[in-house]
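S.K.: Quick one: this structure, given as structure tokens, is what I'll be asking you about.
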């Protein structure tokens with residue numbers, strides 16, 4: 001009986017520890033806003049909208065005159081929208097309007113991050129573009145970096161969109177757990193972010209971007225996502241670390257994204 005009780009106690013402790021480690025290793029939100037698009041020379045509007053579960057979310061809309069497409073930008077798991085200003089400027093320079101938003105618990109957005117919550121937040125941002133900005137669904141380009149790739153993939157599987165772009169995205173939390181914590185059984189991890197299963201159900205054009213030098217999300221995961229996706233699709237191999245590859249390969253990457261978007265229009 002004592003052994004049984006000790007095993008039960010250990011099981012409860014391990015489950016609590018696993019939840020703590022899971023949350024601490026997936027989400028790294030920052031509340032302080034360190035600048036806005038104006039500091040990057042971009043005209044913008046500060047916007048607020050609510051998720052389906054009534055969380056008030058914050059974002060920036062950066063318009064572009066005569067833009068054919070609007071990018072809905074889903075950022076990675078660290079910082080907040082103010083840490084993507086330089087990247088937003090480069091994307092805006094391609095002739096695109098941009099909406100970037102903070103997930104719950106990030107920046108000025110209410111709540112606490114979780115997988116289902118992030119999906120709701122992205123749907124709310126998409127709904128804002130459709131309802132408040134009168135953007136047609138097939139004019140929305142979903143762009144997801146790292147964890148945001150999983151959020152963008154989930155949204156693309158549910159909504160009508162013009163295209164999906166992922167940058168340094170992983171296949172699933174299960175696959176990432178095997179790399180970071182190989183001793184942790186995958187069944188104790190509740191988050192899934194299972195992009196490799198969802199991407200096969202997405203019919204819009206897809207552009208998968210991944211660096212051979214990504215030290216956090218291995219290059220083979222980008223290839224695995226690409227192989228799981230149905231056409232039309234394109235893969236771009238770039239160079240640099242997980243957090244710098246966009247800028248390390250900026251000139252070529254911007255040309256490739258422009259070529260991809262030109263093919264859509």
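The values are calculated or read from the model by the stated rules, or taken from the named source; none is laboratory data. Nothing here was measured: the structure is a model prediction, and the numbers come from that model. Methodologically, a virtual Cβ is constructed for each residue, glycine included, from the backbone with ideal geometry; neighbour enumeration extends over all protein chains shown.
S.K.: Within segment 185-215, track down each residue that is in contact (Cβ under 8 Å) with a residue 60 or more places away in the chain and farther than 18 Å from residue 143 by Cβ.
M.R.: Of everything in segment 185-215, those that are in contact (Cβ under 8 Å) with a residue 60 or more places away in the chain and farther than 18 Å from residue 143 by Cβ turn out to be 188, 189, 190, 191, 192.
S.K.: Out of 178, 210, I need the residue that is at negative phi and assigned to a strand (DSSP E or B). Which one?
M.R.: Criteria check complete, one pass: 210.
S.K.: Residues 41, 127: which one is surrounded by fewer than 20 Cβ atoms within 10 Å (Cβ to Cβ), more than 20 Å from residue 144 (Cβ to Cβ) and in contact (Cβ under 8 Å) with a residue 40 or more places away in the chain?
M.R.: From the options 41, 127, the qualifying one is 41.
S.K.: Any idea which residue in segment 9-37 is modelled with the highest pLDDT, counting only those that are outside any loop (DSSP other than H, G, I, E, B) and surrounded by fewer than 12 Cβ atoms within 10 Å (Cβ to Cβ)?
M.R.: 24
S.K.: State which residue is surrounded by the most Cβ atoms within 10 Å (Cβ to Cβ) when the search covers only segment 216-236 and only residues that are out of contact with any helix residue (DSSP H, G or I) (no Cβ under 8 Å at 6 or more places or on another chain) and free of Cβ contacts under 8 Å to residues at least 40 places away in the same chain.
M.R.: 226
S.K.: Something else now. Only one of these is in contact with a strand residue (DSSP E or B) (Cβ under 8 Å, 6 or more places away or on another chain) and either over 17 Å from residue 153 (Cβ atoms) or outside any helix (DSSP H, G or I) (or both): 126, 106. Name it.
M.R.: 106
S.K.: If residue 120 passes every condition in (1) assigned to a helix (DSSP H, G or I); (2) out of contact with any helix residue (DSSP H, G or I) (no Cβ under 7 Å at 6 or more places or on another chain); (3) buried (at least 23 other Cβ atoms within 10 Å of the Cβ) but one, which one does it miss?
M.R.: (3)
S.K.: When residues of segment 215-238 are filtered for being closer than 28 Å to residue 262 by Cα and either in a strand (DSSP E or B) or out of contact with any strand residue (DSSP E or B) (no Cβ under 6 Å at 6 or more places or on another chain) (or both), how many remain?
M.R.: 15
S.K.: Which ones in segment 71-81 are assigned to a strand (DSSP E or B) and crowded, with 22+ Cβ neighbours inside 10 Å?
M.R.: 71, 72, 73, 74
S.K.: Given (1) surrounded by 14 or more Cβ atoms within 10 Å (Cβ to Cβ); (2) out of contact with any helix residue (DSSP H, G or I) (no Cβ under 7 Å at 6 or more places or on another chain); (3) without any contact (Cβ under 8 Å) to a residue 60 or more places away in the chain, where does residue 241 come up short, assuming only one miss?
M.R.: (1)
S.K.: For residues that are farther than 21 Å from residue 116 by Cβ and either in contact with a strand residue (DSSP E or B) (Cβ under 8 Å, 6 or more places away or on another chain) or outside any loop (DSSP other than H, G, I, E, B) (or both), tally how many sit in segment 49-65.
M.R.: Number of matching residues: 5.
S.K.: Just checking, which of 173, 179, 199 is over 19 Å from residue 84 (Cα atoms), buried (at least 22 other Cβ atoms within 10 Å of the Cβ) and modelled with pLDDT under 95?
M.R.: Answer to the selection: 173.
S.K.: Hey, another quick one. Of all residues in segment 130-160, count the ones that are assigned to a loop (DSSP other than H, G, I, E, B), in contact (Cβ under 8 Å) with a residue 60 or more places away in the chain and under 30 Å from residue 240 (Cβ atoms).
M.R.: 1
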